[in-house]
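Worksheet for the structure shown next.
The values are calculated or read from the model by the stated rules, or taken from the named source; none is laboratory data. From a predicted model like this one, the values you see are computed outputs, not experimental measurements. Cβ placement follows ideal geometry from the backbone for every residue including glycine, while neighbour counts extend to all protein chains displayed. Surface accessibility is based on the protein's heavy atoms, side chains included, excluding ligands, DNA and RNA. Shrake-Rupley method; radii C 1.70, N 1.55, O 1.52, S 1.80 Å.
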Amino acid sequence: MTRPHATHPTRRPEDPGAARGRGTDAARDDSRDDTPDDAWQQGAGPALTPPPDLRAAVTARLGTAARRWLDQALDEAATHPGGHGPISVWELRLAEAGRRCGPGHADAVRVLILHAARADADILARVYHQGTADERRAVLHALPHLVPGPDARPLVEDALRSNDTRLLAAAVGPYAARHLGDHQWRHAVLKCLFTGVGVGRVAELDRRARRDAELARMLADYAAERTAAGRPVPEDLHRVLALTEPATESPGPADPHGKES
């Protein structure tokens, strides 16, 4: 079943020329705040925020027309979830999210639509592979809310092969922390260092990097390569390397008489 991605006129709402032709779009002009919440920028984001809280946060930042559009999109997705025909109405709404609610809220809005549609791993894979980079990023953010097991891991693995830093930042979220194997997860951390994605975006970094001797070796090799090439070592590398250090044993209680135990 083929999604009419490239030929359907509704699939190109992010086109700047189309937006200019409509005077930018009344719903977007009505948005109160087109800047994403600082916490989302720092990695808390749509992947870590429960959908009810996410909806409340987004709704509070949207103007009347954008809120009305979002309510309708979520109602449509809840009424006709899953896949219906070549393309579902809620999938078209994914494409409109940036224009309707502003690009600063588009990720969160798309996650809410996917959640309302109760998209499973198969549907998320279809949306991911047939969608735009923005839609792929939203799928990655939605994974921890919709896929309890490792079924969607191939989507994370695909995103980690990309050099799109926004896609990489979404790929190293909580779903990856739960389901990527050690080897893949370590390489994901190195990919972040190599591409300049802040390691603060790596979910559960402290837990997974803690006392990881193999990760420490890989980081040391990477630092040595950069130093040999006369290139600076990313500051984030030192942060991760510190996490990999083995725990030091705390000294036992001191003998009150000054004798060694």
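Some notes on this structure:
- Annotation note: Cβ proximity below 8 Å between a residue of region 200-228 that is over 26 Å from residue 166 (Cα atoms) and a residue that is assigned to a loop (DSSP other than H, G, I, E, B) and of a type in the set (A, V, I, L, M) (sequence gap 6+ or interchain) occurs for 211/247; 227/233.
- Any hit, region 138-161, residues being part of a loop (DSSP other than H, G, I, E, B), in contact with a Leu (Cβ under 9 Å, 6 or more places away or on another chain) and within 30 Å of residue 56 (Cβ to Cβ): yes
- Residue within region 130-148 that is under 25 Å from residue 191 (Cβ atoms), surrounded by fewer than 24 Cβ atoms within 10 Å (Cβ to Cβ) and either small (Gly, Ala, Ser) or without any contact (Cβ under 8 Å) to a residue 24 or more places away in the chain (or both) present: yes
- Index of the failed condition, residue 171 passing every other in (1) over 11 Å from the mean Cα position of the chain (by Cα); (2) within 24 Å of residue 118 (Cβ to Cβ); (3) open to solvent by less than 10 Å² (accessible area, probe 1.4 Å): (1)
- Residues satisfying the stated conditions in region 58-114, i.e. under 22 Å from the mean Cα position of the chain (by Cα), open to solvent by 10 Å² or more (accessible area, probe 1.4 Å) and among the small types (Gly, Ala, Ser): 60, 82, 104
- Scanning region 229-242 for residues that are touching a residue at least 40 places away in the same chain (Cβ under 8 Å) and either basic (Lys, Arg) or touching a Pro at 6+ places or on another chain (Cβ under 7 Å) (or both) returns a single hit, 239.
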